[in-house]
Amino acid sequence: MQWVTRALERLRPHVDPNVLIDEQQATPIARRLVVEMVGLLENKLILARLDTVRREHQRKRSVLVKRLVAFKRAFPKLMVLRLDLGYGKEHASASTDRIIGDWEALKAFITANFPSYLRYVVKLEYGLQKGAHMHVLMLFNGAMVRQDVTIAKLIGEHWSNVVTGGMGVYFNCNAAPYKSRFSYCGVGVFNKLDEATVAGFQAVADYITKPDPFVTLMMPSEKRFYRAHLALPERRRRPCSKNAALAA
């Protein structure tokens, strides 16, 4: 069954490889987890719910791509940052309420210190080893600020050292080694709106909106969220002389 194969593949990063290769060496907990996953995937109601999750992912991805394109049209030089935020292994048991509160503190810091900051998208996930962690996409007016790698690092360091009191960790997805892995990269500074830019937006939108179906099934709804604050900011425009005269 293809679903079973996918389930086992998703388990591999979280379990000793021998657990899924040699049953003799598997712990009872790991064996039970595999069995229960297979059982879930054979349940028609569960499969229907997973299909709903898939369709919701497609909808969110499409909406996000359209919003990114709209921002690019509104801001000829658009900076897109992506950070993965979480806690060190020794603090991986931090509650989802804690990480949501820490995110609010980080967002307040960004808003207060970066006039170029525009909007954000954030997704909460929960891993067996990582615990609660977030994938964050942030948009900036690239005409007001430069050096996306440096800005992302500054925000990541503030998360690690200030917001979380040294308990946090981050991954800078704007760093060159990471960006070079992709044919079409959806983070960085975009000066043009061409096919490559749209392809990059599609790639980053697919990642940031993609749910983990097993997390969706296992976690209570209040313990997971996806938020997209992507309303275009209003721009003040000076009235032209003709309109100004009429207004007078």
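Quick note: the coordinates plus some simple rules give every number you see, no bench work behind them. Here the structure is a predicted model, which means the values were calculated and not measured. Backbone-built Cβ (ideal geometry, glycine too); neighbour counts: all protein chains shown.
Residue exposure proxy: Leu118, Leu154, ordered by other Cβ atoms within 10 angstrom of their Cβ from fewest to most, comes out as Leu154, Leu118.
What's the extension gain from Glu157 to Lys44 if we count 0.36 nm per residue and subtract their Cα-Cα distance? Walk me through the numbers on the way to the answer.
Numbers: separation 113, 0.36 × 113 = 40.68 nm, distance 4.53 nm.
Full extension from Glu157 to Lys44 adds 36.1 nm.
If R0 is 30 Å, the Cβ-Cβ spacing of Arg146 and Asp194 corresponds to a FRET efficiency of close to 0.90.
Give me Val63, Val136, Val145, Val121 sorted ascending by neighbouring Cβ count inside 10 Å, so fewest comes first. Before the final figure, lay out each step's value.
Numbers: Val63 14, Val136 26, Val145 17, Val121 23.
If I rank by nearby Cβ atoms, fewest first, I get Val63, Val145, Val121, Val136.
Look at where the Cα atoms of the stretch 161-176 and of the stretch 88-116 average out, and the two centres are 10 Å apart. Of the residues Trp103, Trp159, the one with the fewest other Cβ atoms within 10 Å heads the list, and the complete ranking is Trp103, Trp159.
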